[in-house]
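Reading through the C-alpha cells given below for one structure.
The values are calculated or read from the model by the stated rules, or taken from the named source; none is laboratory data. For clarity, every value in this text was computed on a predicted model and none was experimentally measured. Here Cβ is always computed from backbone atoms with ideal geometry, including for glycine, and neighbour counts include all displayed protein chains. Surface accessibility is based on the protein's heavy atoms, side chains included, excluding ligands, DNA and RNA. Shrake-Rupley method; radii C 1.70, N 1.55, O 1.52, S 1.80 Å.
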Amino acid sequence: MATDFDVDLVNFSEWYDKNNLVRQLKVLYHDLISVADIDKANTTIDLLNALRKTGRLSPGNLELLYETIKVTQTFGAIKVFQQSIFEVQEIQIINFTPYRHWIADFGNELRKAAVKKIDALFNNPLKNYEDSWSMIIDLEQRQILCGERKEEFINKLNKIGLASTMKCLTQVNVPNTSKTEQGTQKEFKSETGDVSTNSNKEQETQNKVESETEKIETYLIQIQKDKCSQASTFTPAIMNDRYKVDISQMFTDMELLTESENNKETSKPTTLEEVIDVISSKPGCRALIEGEGGIGKTTILRHLSYTWATNGPNQYTNGPNQSNNVFKGKIVFLLYLRDLEKDADIFDLIIKQLDMTDFNVKTDLPNDSRLIRKFIKKHDTKVVLLLDGLDELRVNNQIVISLFRKDNFKNSTVILTSRPENIDKCIKECNVHVRVKGFNKKSIGKYIDKHFTYFGRPALGESLRIELDIDTYPVGRKHPEAYSMCKNPMLLLTICMLWEDNQNLPSDNTALFKQLFRSILNQFNKIENCQKITKFENIPAEYVNSMILLGKCMYANLKVNKLSITKQDLTDKHSNTNIVDLALKLGFVYKEAPLSKFNCERIFMPLHKLIVESLVGFYLSKLFESENIKDECSDVRQLLIPLGDDELDEIKSEYFNVARHFALGFLDAATVGYYLKQYITKHFPLRMRSRIRKFFFGIKITDKERFIANILDIKPFEPYRYVGVSIRNVSRDVFNNFLTEFSHEQVQLALEYLDISGNNLHNIDVNSMSSLLIMCPKLRLLDMSHCNLSGDVINHLGTECSLKQVQLALRSLRISGNNFHNIDVNSLSSLLIMCPKLDWLDMRHCSLLGEVINYLTEECSNRGINFYTVYI
C-alpha cells in the first residue's frame, strides 16, 4: 500500500513532468546526485529516487522538495502534497549553493535568441540546444560554466551583448538569492494569500550572509583544487629531487576487501570504484581504509584528491571518456594527521593550511579564521575529509574517534587511513571498512610495465617480469621473498629501482634496504659526479655519519610516532653543519612545502615509514658496534653516545618493532648469535633452580648483552609457574648461529618454556633445531607458531631426533600458522614418539592433508597419548 510519502513523490513528479521541467531539475540537483544518475534520468521520479538513495530525501525529511519549489519559484506544485501544509517563506535553503541559485535564475531568464547566441559562442558546429537547461547541462559538464569560472563566463556573454539584457548577469555582485527571495514572497502570496514581508533591514542582513557564504565557498573550492591538483607528482625517497613520479601514470588499482557493516567478521573483494560509490551514497559516511605500511593507503587518498581537483577522466569507470564524478560539488580537504598539534582539532588543521591574508585579499572579508570555521560547521554536508595516517598521530587519537562518532562534521564524508594497530574503536563507528591487500600478480605486472615505460626503458621491465616469474606459474619461485614484497607499492617501486641499478634482487628485507641505501646514495653520486658505490660496506664515512645522524634524529621522533624532521632537529643532535647539510641532500628525505606562507620552516619527510625505521635500525646497529667509542673522532663520539637504561627499555615499545628487525639485520648474524648465547646462559643455566623473579639478582650483565636483549625483545617470564623466555625479532641466521654456539659447548638450559613464535625461520638448519631440543631437556612448552616453517623442516627434525634417540619432556607443542602441506606421516610419527608426555598439540591453519589429519586422529587413540585436544 502506498504511503503519503510515495503519493507525494508521484504527484510531485507528475506535476514537474507535465510542465516539462525535468531538465531544469537536472540542473538544480547537479551537486546532489551523480552525473550517471542525472544522465539516465528521463522523468522527475528518476531524480527523486536518486536523491532518496543519497539519504537527502526521506519520509521524515521533505525539506529538499520545499527548497526546490522555493528556488525554482514553481509554487503550483504545493497543491500536490497530501501531507502537512508548510510555509515556503520560512524554509531555510541548505541544500543548494548560492551558485545553484544563480544558475536557476540564469536558466529562467534565458530566451531562445540568447540560447542561440551562446551556442554559437562556444560550439562549432552548433549543437542547437532544445532549451536553456539543455545548454546549461552541456556547458557544466564541459566545465565552461562553473562556480570558479562564473565571472569569466559572464564577461564572454558581455562581449556578445547579452550581459546588459539579463538581470542575473548585470547584478554579478548582488547576492544571487535576493531575487529568489522576493519572487518567492510575491508568487507564494498569489497562491496562498498568506505571506509576511521581510523588512529591508532583514533582507540586507540576509543578502550579506549569503554573499559571504558564496565567497567563502568559492575561495575554499579554488584553493583546495589548486592544492590537491599538485598531488599529481611526488619525489619518492629512493630518487633524487630531479625525478618526479606522476600518480596518474603510476597508480594501479590494488586488491581491496570490504568488511560488512553488519558483520565485521565477513569480507568480500571490491574495487575502488565500488567503495567510492558506497561512500558517496551514505550522507555523513565514515570510512576506514586499513593496510600495512607502504601498501598504498596514502596513494589512494592523493589519487582521489587529485581526481576531484582536476575534473579529468574518471579512473574508476569503464570508459576513458566518462566525466569525473569523484566528490562532485564538494570541498575536499586532504589532511595529514601527523601535522595535528597538541590541543588542536581538525578545524585547526584545516585552517593551518590556509593563508588568511590571501583569503582577505581575494574575498574582501576580514582576516578572521572564525569565518572559515563557521562556514564549515554550517555547511558540513559539502565537506569531504581525507585524513591520512591515524598511526602517525602524535597526540591522543580521541580527536579522530570523536570525529567518527559524529561529534563534529556530523554530515561530512570522512575517509581515514591507518595501519592495523589500535583501530578497534574506529572500526566500531565506521560505515565502510576497507582492507588494502596490495597488488595481485596482474597488478604487479601492470605496475612494472608502467614504471619502466614511464622512464623509457620497457626492456628492463620485461626482464624484471621474467626474473619474478610474473607471467608463469612455477612450482617454486626464484625469488619468493622479493615477490612477496611486490604487493607493497613502495617496496615494488624499490625493487624496480634496484633492478634498474644492477639487475639483481636481494633475498630478504634487510638485504633489500642495504641495496636501497646504495641506490639512494648512487642517485646522489650521479649529481655530484662521484664514483658509484658497489658494496654496502664501501659507503664513504661522511655518508655513514650523515645516515647515523638521520637515524638518531628519527629515533627520537619515532618515540612519539613522528616521521617528519626539520633542519633544527638535526642541528640539535649535532653541531657540524657539513654533516647536517649532507644528511638533507643524500635523498633519504625530501622537502615538503610549508603549511602556509606564515610558517616558513621547511619540513623534510621520508616517502614512507620504512625509510625511518630502516635508518633507526642502522643507527642502533652502529651504537652496538661502537665498543671503542672513545677512540673515535669527535663527530662520531657526538653521534654515538650510549643509550641510558631508560632508553634501552624504550626500544621495546611497539614503535620500534620494525626498527629492531633492521638493527639485527645490519649487524653480523654471528655476533648477534654470540651475545644472545651469552645473555641466555647467564640467566638460565641448568644449575639454577630458583624461579624467574630471582634470575636478575646479583648477576652482572654487560651493556652489549643488555643491548641485544632489548633489540631482540627477550622477555623472561614464568607462565604456568614454568621457567621460560620469549624471544622476538630473531632471524634465521641469528638463530642458527646462536644454536651452533650452544651445540659446540654442549650447554644445557633450565628452560621449561620457550616462545619463539612470529620469527621468520624459513629454511632454518635442521641440525640447529635438534640441538635446541637436546639442550633443553626440561622443556615443557615450545611455541613456534607463525615461523614460516615448512613440512620439510618437521620431516627432517623427526628423522634427526629419532636417530639421536631424543626424549622430550614436552607437554605442549604449538606450531600453528605454518605451511605443513608436505609433512610426512612417518616423520610426524617419530616426532610424537619422542614426546610421550605431550597432551597439547596446536596445528591450526597448517594446510594439512586429509591423510595427516586421519593419522593424528587415530594416533591419539592407538598410542595412548593423552592429548588435551587437537586443532587442525
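Residues of the stretch 783-799 with backbone nitrogen within less than 19 Å of a virtual label 7 Å along the Cα-to-Cβ line of Asn826, please, listed as ranges.
Correct set: 791-799.
Using 7 Å Cα-to-Cβ label points, what is the Lys127/Arg637 separation (nm, one decimal)?
7.7 nm
Report the gain in length on full extension from Asn854 to Thr43: 0.36 nm times residue separation, minus Cα-Cα distance, nm rounded to one decimal.
285.5 nm
Just check the stretch 704-789 against the gyration tensor rule for me: Cα atoms, a ≥ b ≥ c as the square roots of the eigenvalues, rounded for a/c under 1.5, and otherwise prolate or oblate depending on whether a/b exceeds b/c. Working shown, then result.
Values: a/c = 1.22, a/b = 1.09, b/c = 1.12.
Rounded, because the longest to shortest axis ratio a/c is under 1.5.
Quick one: which of Lys18/Lys225; Lys562/Lys715; Lys53/Lys112; Lys330/Lys567; Lys446/Lys562; Lys112/Lys150 span more than 30 angstrom between C-alpha atoms?
Lys18/Lys225; Lys53/Lys112; Lys330/Lys567; Lys446/Lys562
Going by the alpha-carbon gyration tensor, a ≥ b ≥ c the square roots of its eigenvalues, is the stretch 1-160 rounded (a/c under 1.5) or, if a/c is not under 1.5, prolate (a/b greater than b/c) versus oblate?
Values: a/c = 2.10, a/b = 1.91, b/c = 1.10.
Here the stretch 1-160 falls in the prolate category.
Per 5 Å bin, what percent of the C-alpha pairs of the stretch 425-584 does each bin hold, from zero upward?
1, 7, 14, 14, 15, 14, 12, 11, 7, 3, 1, 0
Loop-only check: which GluC sites (Glu not before Pro) in the stretch 367-434 are DSSP coil with at most 15 other Cβ within 10 angstrom?
Numbers: sites: Glu392, Glu421, Glu429; in loops: Glu421.
Taking the stretch 367-434 and a limit of 15 other Cβ atoms within 10 Å, the loop GluC sites (Glu not before Pro) found are Glu421.
For the pair Lys682 and Phe455, how long in nm is the line joining their label points, each one 7 Å along Cα→Cβ?
Placing both labels 7 Å along Cα→Cβ, they lie 4.7 nm apart.
Under a point spin-label approximation (7 Å from Cα along Cα-to-Cβ), what is the Asp4-Lys532 distance to one decimal in nm?
8.1 nm
Sorting check: for 519-527, 663-671, which peptide has the highest mean count of neighbouring beta carbons within 10 Å, and how do the rest follow?
On the way: 519-527: 18.3, 663-671: 20.3.
Ranking the peptides 519-527, 663-671 by packing returns 663-671, 519-527.
Which of the peptides 219-228, 337-346 is most tightly packed, and how do the rest follow, going by the mean number of other Cβ atoms within 10 Å of each residue? Before the final figure, lay out the partial values.
Numbers: 219-228: 18.2, 337-346: 16.1.
The densest-packed peptide leads the list: 219-228, 337-346.
Please give the length that would be gained between Ser281 and His744 if that part of the chain were fully extended, namely 0.36 nm times their separation in residues minus their C-alpha to C-alpha distance (nm, one decimal).
Extra length available between Ser281 and His744 comes to 159.9 nm.
Would you please give the residues with an amide H less than 5 Å from that of Ala809, counting only those at least 5 places away or on a separate chain, with H modeled from the backbone geometry?
The list, which skips near neighbours in sequence, is Leu779.
Where only protein heavy atoms count, and the probe is 1.4 Å, what is the accessible area per residue for the stretch 363-473 in Å²? Please report the intermediate quantities before stating the final value.
Values: 5150 Å² over 111 residues.
Per-residue value: 46 Å².
Using 0.36 nm times the number of residues separating Ser575 and Gln503, minus their current alpha carbon distance, what extension gain do you get? Show your work: numbers first, answer last.
Details: separation 72, 0.36 × 72 = 25.92 nm, distance 3.96 nm.
Net length gain for the segment: 22.0 nm.
Does the stretch 413-488 classify as rounded, prolate or oblate by the C-alpha gyration tensor (a ≥ b ≥ c root eigenvalues; a/c under 1.5 gives rounded; else a/b over b/c gives prolate, otherwise oblate)? Show your work: numbers first, answer last.
On the way: a/c = 3.64, a/b = 2.06, b/c = 1.77.
It comes out prolate by the Cα gyration axes.
For the stretch 770-834, run through the trypsin sites (Lys or Arg not before Pro) and keep only the ones in DSSP coil with at most 13 other Cβ atoms within 10 Å of their Cβ.
Values: sites: Lys778, Arg780, Lys804, Arg811, Arg814; in loops: Lys778, Arg780, Lys804, Arg811.
Answer in residue order: Lys804.
Amide H neighbours of Leu288 under 5 Å, at least 5 residues apart or on other chains, H built in the peptide plane: list them.
Residues meeting the criterion, in which the H sits 1.01 Å from N, are Leu416, Val432, His433, Val434.
Taking a probe of 1.4 Å, how large is the accessible area per residue of the stretch 779-841, in Å²? Working shown, then result.
Details: 2500 Å² over 63 residues.
Here the per-residue accessible area is 40 Å².
What's the ranking of 45-57, 352-364 by average number of surrounding C-beta atoms within 10 Å, highest first? Could you put the intermediate results ahead of the total?
Numbers: 45-57: 18.5, 352-364: 15.6.
Averaged packing, sorted descending, gives the order 45-57, 352-364.
Could you give the distance between the Cα centres of the stretch 417-475 and the stretch 720-794, to the whole Å?
34 Å
How large is ³J(HN,Hα), in whole Hz, for each residue of the stretch 493-501 in order, when computed from phi with the Karplus curve 6.51 cos²θ - 1.76 cosθ + 1.60 and θ = phi - 60°, using x for Gly and Pro?
Per residue, the Karplus-derived 3J(HN,Hα) values read 4, 4, 4, 4, 5, 5, 5, 5, 6 Hz.
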